[in-house]
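**Q** Got a structure for you, questions after.
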Amino acid sequence: MSELDDLIREVDGLCAQRDWDGLVALRDRCRAALARGKQFWPAASFAEYRLALEAPGPWAAAVVAEAGTGRFALGPLTEVAASTHPWDDLAGDDGPGPTGPQLTLAAHERVLRGEDLRRDRRVDPNVLDLPTVLSGWEGAYPLAVYKPHGAEFPTPPVPHVGGLAARATPALVVDDDEAVRALVDLAGAWTTESNGRAEAVAVLGDAEGAVAALGAPRVRVLPLGADEAMAWMAWTAASGGAHGRRRGMAAGRFGAWWTVVALAGLTDEWPLPPAEVGEVASELQWYAWDAGEPETGWGLRLAVEDPAEGRAWALLAADAS
């Protein structure tokens, strides 16, 4: 273990000296040591993380674009690099063509931080079917903050449901596989890579009836704006939960958009114009819900109504360490 500790300290030292070529060389030595049975992969992954976070654009872009890097980093290197580098620093000016899939994901992370890349030909339009500028109706997404030895993953403002939970009658459950799947998939990393669970239901009725159909004995709900619901769905889809690998907010935003479209039954028409997705999101009625019990760990309790169709959906997703 002392060898690994020494390597971590060497990474810190090279970063302090801003010796990025030396840091790349150290990473390569750690990787090569695996062939000799040396388990130095944590140091290699840490070096890649620090390159993405702190190195100038060309070094950060190189480690982001390289296949298999950052597997055990605090977050996807596309998000790490985008948290500290403008898009021009990562994309460079080598030509007008696309920069590749990983850097395109970094571009979408920069969009979440306010950049308008609609006319930038370096962003590959085939990687992620999302607009490369934020729409006004989306609001703000909770963005990760990466540091040399840690990271912060803030939640959106936590809704205070309040009041007394009341008994609700379960509504009639109906088939709506695409919408239910989209809701459950928001917590995909929680359920496949961690200890989480996620279940959703579609009903003929209202939000309280949908929540009751999930088995909640008592229900209380709080209306949310469409922008608040988008932020919570994106936060969930971006997160790895207690033990899963974080997917990044670009993936989270995609999950939120896809869920809106699935609730509207319009997945066959994907991708939709941003204004149309915004219109659909605003026509749906969104709610946070609980059963009057304290919440711990990672959680999303969301209910949605479509008043025009007389349908509703409810999601319970939870994870704990």
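Computed from the coordinates by the stated procedures, all read-outs in this text should not be read as laboratory data. These numbers were taken from a predicted model, which means no experiment stands behind them. Heads up, the Cβs are rebuilt from the backbone with ideal geometry, glycines too, and the neighbour counts pull from every protein chain shown.
**Q** Which whole number in µm²/s is D for region 47-112 by Stokes-Einstein, with the Kirkwood Rh taken over Cα pairs at 4 °C and 1.567 mPa s?
**A** 114 µm²/s
**Q** Still on this model: When the Karplus curve 6.51 cos²θ - 1.76 cosθ + 1.60 is applied with θ = phi - 60°, which whole-Hz ³J(HN,Hα) does each residue of region 203-214 get, with x for Gly and Pro?
**A** These are the phi-based 3J(HN,Hα) values: 9, 8, x, 10, 4, 4, x, 5, 5, 4, 5, 6 Hz.
**Q** Please compute the volume of the convex hull spanned by the alpha-carbon atoms of region 196-248 and report it per residue in Å³.
**A** 108 Å³
**Q** For region 4-79, report the % of Cα-Cα distances exceeding 20 Å.
**A** For region 4-79, the fraction of Cα-Cα distances above 20 Å is 21 percent.
**Q** Can you give the local net charge around residue 11? Use residues other than it whose beta-carbon is closer than 9 angstrom to its beta-carbon, Lys and Arg +1, Asp and Glu -1.
**A** Result for the neighbourhood of residue 11: +1.
**Q** For the chain, report the % of Cα-Cα distances exceeding 29 Å.
**A** 43 percent
**Q** Next question. To the nearest 20 debye, what is the magnitude of the charge dipole of the chain about its Cα centre, counting +1 on the Cβ of each Lys and Arg and -1 on the Cβ of each Asp and Glu?
**A** So the magnitude is around 960 debye.
**Q** What does the C-alpha gyration tensor say about the overall shape of region 253-318? Classify as rounded when a/c is under 1.5, otherwise prolate if a/b is larger than b/c, or oblate.
**A** Because a/c hits 1.5 or more and a/b exceeds b/c, region 253-318 counts as prolate.
**Q** Hey, what's the Kirkwood Rh for region 169-321 if you take every pair of different alpha carbons, in angstrom?
**A** Final number for the Kirkwood radius of region 169-321 is 15.2 Å.
**Q** Say R0 is 51 Å: what FRET efficiency, to the nearest 0.05, do residue 267 and residue 34 get from their beta-carbon distance?
**A** About 0.75, to the nearest 0.05.
**Q** When the chain is fully extended, how far beyond the present Cα-Cα distance does residue 167 get from residue 309, taking 0.36 nm per residue of separation?
**A** Extra length from residue 167 to residue 309 when fully extended: 48.7 nm.
**Q** Moving to a separate point now. For a Förster distance of 45 Å, can you work out the FRET efficiency between the beta-carbons of residue 3 and residue 118, rounded to the nearest 0.05?
**A** In this case the efficiency is close to 0.35.
**Q** Another question, then. For Cα pairs less than 8 Å apart in space and 6+ apart in sequence, what is the mean separation divided by the residue count of region 136-276, i.e. the relative contact order in percent?
**A** Relative CO of region 136-276 lands at 28 percent.
**Q** Moving on to the next point. So what are region 128-244's ellipsoid semi-axes, whole angstrom, largest first, if each one is the square root of 5 times an eigenvalue of the alpha-carbon gyration tensor?
**A** 28, 17, 17
**Q** Moving on to the next point. Principal axis extents for region 280-321, Cα atoms only, whole Å, descending order, please.
**A** Largest to smallest, the principal-axis extents are 39, 19, 13 Å.
**Q** How large is the translational diffusion coefficient of region 206-292 in µm² per second when you combine the Kirkwood radius over alpha carbon pairs with Stokes-Einstein at 4 °C and 1.567 mPa s?
**A** Result for D is 91 µm²/s.
**Q** Could you give me D for region 38-186, from Stokes-Einstein at 20 °C and 1.002 mPa s, where the hydrodynamic radius is the Kirkwood radius over C-alpha pairs? Units µm² s⁻¹, please.
**A** 120 µm²/s
**Q** Of all chymotrypsin sites (Phe, Trp or Tyr not before Pro) in region 1-74, which ones are in loop regions per DSSP and have a Cβ with at most 13 other Cβ atoms within 10 Å?
**A** Within region 1-74, the qualifying chymotrypsin sites (Phe, Trp or Tyr not before Pro) (loop, at most 13 other Cβ atoms within 10 Å) are 72.
**Q** Still on this structure: I want the local charge near residue 269. Using Cβ-Cβ distances under 13 Å, sum +1 for each Lys or Arg and -1 for each Asp or Glu among the other residues.
**A** Counting the neighbours of residue 269, the net charge comes to -4.
**Q** Compute the Rg/Rh shape ratio of region 86-149: radius of gyration over Kirkwood radius, all on alpha-carbon atoms.
**A** 0.98
**Q** If you don't mind, there's one more thing I want to ask. 7 Å from Cα along Cα→Cβ at both residue 242 and residue 41: what's the point-to-point distance in nm?
**A** With each label placed 7 Å out from Cα toward Cβ, I get 2.3 nm.
**Q** Shifting gears a bit: What distance in nm lies between label points placed 7 Å from Cα along the C-beta direction at residue 276 and residue 135?
**A** Result: 1.0 nm between the two label points.
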